[in-house]
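The values are calculated or read from the model by the stated rules, or taken from the named source; none is laboratory data. Computed from a predicted model, the values in this text were never measured in an experiment. We place every Cβ from the backbone using ideal geometry, glycine too, and count neighbours over all the protein chains shown. The protein model used for the area step is the full one, side chains on, heavy atoms only, and it has no ligands, DNA or RNA in it. Shrake-Rupley method; radii C 1.70, N 1.55, O 1.52, S 1.80 Å.
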Amino acid sequence: MNNIFKKLAGNTLIFAVGNAATLLISFFMVPVYTSILSTSEFGVSDLINTTVNMLLPVISLNIFAAVFRWAIEENDNRIEIFSNGIFISCLGSILSILFGVLLSIFKVKYAWVIGFNLGGVILLNHFQNFARGIEQTKLYSFSGIVASAINLSSNLLLMIIFKLGLNGYLISLVISNYSATMFLFVFGKYYQYWNKNAISKDEIKKMLKFSLPMIPNAFTWWMTNDASRLIILIFVGAAGNGLFAVANKIPSLISTLFGLFQNAWQISAVETYKNKSANNIYSLTFNIVFGVILIGCIFVISIIKIFMKFYVAPDFFKAWEFIPILLLTAVFSSVSAFLGTTYLVAKKTKGLFTTTIWGTIINIALSSMLIPLFGVNGAGISGMLGFFVVSLMRLRQTEKWVKININWSLHLPLIVGYILMSIIAYTNDRLIYLKVIIVLVEVLVLGLYIKRNRFKLNSVSEVQE
């Protein structure tokens, strides 16, 4: 049997290579966006993307989560899984487009782009999750390259050549999502999995029983992650939301990189859940991955002020002040997402909602109090605390299925290093030698942890083979 860690690393690499274009284009187009769009327009574009993410699980009934979970286990039932999933996805896509057009007739601004974009995202999520479920990881990853290449070319054409500004940016999103969907449908030959006679009410009910409890979780997850944008809009204004959107690009990059790993981890987590070494596998993976993430965040803070001078237009430079706190939000968001995989693996999705709702309540309550007092930084603090609470609750709840042992001798020094680097960034960013020493010490701490646990890694490998 394949070594679980080698397979996890291999799948993560495939997802990373395939999505490198998406990451690079998204990241390095920000200077173009900030030079063309005003802070208010950038804030509007961010709110539109946020709205699509909010509506996605509701309109799609989150069916793609069931498609992935069913496809990875039921190899002989793929036609029925695909057909029932695409039936629900198409209904959701059609409804979103119709409502978008209808609201546009009544002069609701940007309703059309939300409707069409949401329709494309629903279909793309279905195809991508089916591809992951049947382990077509290379095709899944390449679809990201296709989407990014088309998004880049259409952005350059519509925003720079035709000077359509915000409308050009929004149209590019729609074009890229539908193009990636068609790519997967054609090159994945998914038409061979479609059979209208395979559509079954009983199968749909079974899949929805799994996916429906995840809708309130996904919705409240959006509220935990993104509701602060609306509160910023109310108390600070669209310009503040634009600064927040730019500041959040770097933490979002951390979350996206973790998402590449998460896509691979979900496959490995399902395959190793019932293995007697599951606790070791989950614990070692958790400690190493989040050790790497924390060191990455420490390095980002060490160069953030210099980087932002070249990365964004002068009007957006102030956004650097929000990044250290937002990075912690990204870290705890990733921790809670990692623990959330255990609910999916155990098919106990109802537990996801109870933990997320507490994070949502804390986030909204604190955002309402802290944003009027501290501006955009209030959103970062409230989001960080919301995800921290979710992480603690999930760690406790998931112990009944898999017990993750957090190695505090590793993580406490990393947390201290993070705090020290943040203090330097805010007070005296010229202490270059001290920053280098902090980064090197933290890398040494993680290296020693991996070296000490090499025997466990090898032992787990032998069990898997």
Cα gyration tensor shape for segment 321-391, rounded if a/c is under 1.5, else prolate or oblate: oblate
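Taking the solvent-accessible surface of protein heavy atoms with a 1.4 Å probe, what is the per residue accessible area of the chain in Å²? Present the calculation step by step, with values, prior to reporting the outcome.
On the way: 20650 Å² over 465 residues.
That works out to 44 Å² for each residue.
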Karplus-derived 3J(HN,Hα), 6.51/-1.76/1.60, for each residue of segment 354-368, Hz, glycine and proline x: 4, 6, 5, 4, 5, x, 5, 4, 5, 4, 5, 4, 5, 4, 5
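What is the chain by shape, rounded, prolate or oblate, if you read a ≥ b ≥ c off the alpha carbon gyration tensor as root eigenvalues and call it rounded for a/c under 1.5, prolate for a/b larger than b/c, and oblate otherwise? Walk me through the intermediate numbers first.
On the way: a/c = 1.57, a/b = 1.04, b/c = 1.51.
It is oblate, given that a/c is not under 1.5 and a/b is not larger than b/c.
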Spatially proximal aspartates and glutamates relative to K309 (Cα-Cα < 15 Å; intrachain offsets below 8 disregarded): E321, D429
Unsatisfied cross-links (Cα-Cα over 28 Å) in the set K276/K347; K109/K163; K201/K348; K7/K400; K206/K249; K189/K249: K206/K249; K189/K249
Segment L102-K400, extension gain: residue separation times 0.36 nm, minus the distance between their alpha carbons: 102.5 nm
Amide H contacts under 5 Å for W194, placed H, 5+ residues apart: none
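To the nearest 0.05, how large is the calculated FRET efficiency for S409 and I79 if R₀ is 60 Å and r is the Cβ-Cβ distance?
Numbers: r = 51 Å, r/R0 = 0.84.
So, using R0 = 60 Å, E works out to roughly 0.75.
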Note, ³J(HN,Hα) from phi for segment 245-252, Karplus 6.51, -1.76, 1.60, rounded to Hz, x at Gly and Pro: 5, 5, 4, 7, 4, 6, x, 5
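Give me the percent of accessible area attributable to carbon and sulfur for the chain, probe 1.4 angstrom.
Numbers: 14130 of 20650 Å².
Summing carbon and sulfur atoms, their accessible area is 68 percent of the total for the chain.
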Per-residue SASA entry for L102, accessible area with 1.4 Å probe, Å² rounded to 10: 80 Å²
Vicinal HN-Hα couplings computed from phi for segment 342-352 (Karplus, 6.51 cos²θ - 1.76 cosθ + 1.60; Hz; Gly/Pro x): 5, 5, 5, 4, 7, 6, 10, 6, 4, x, 5
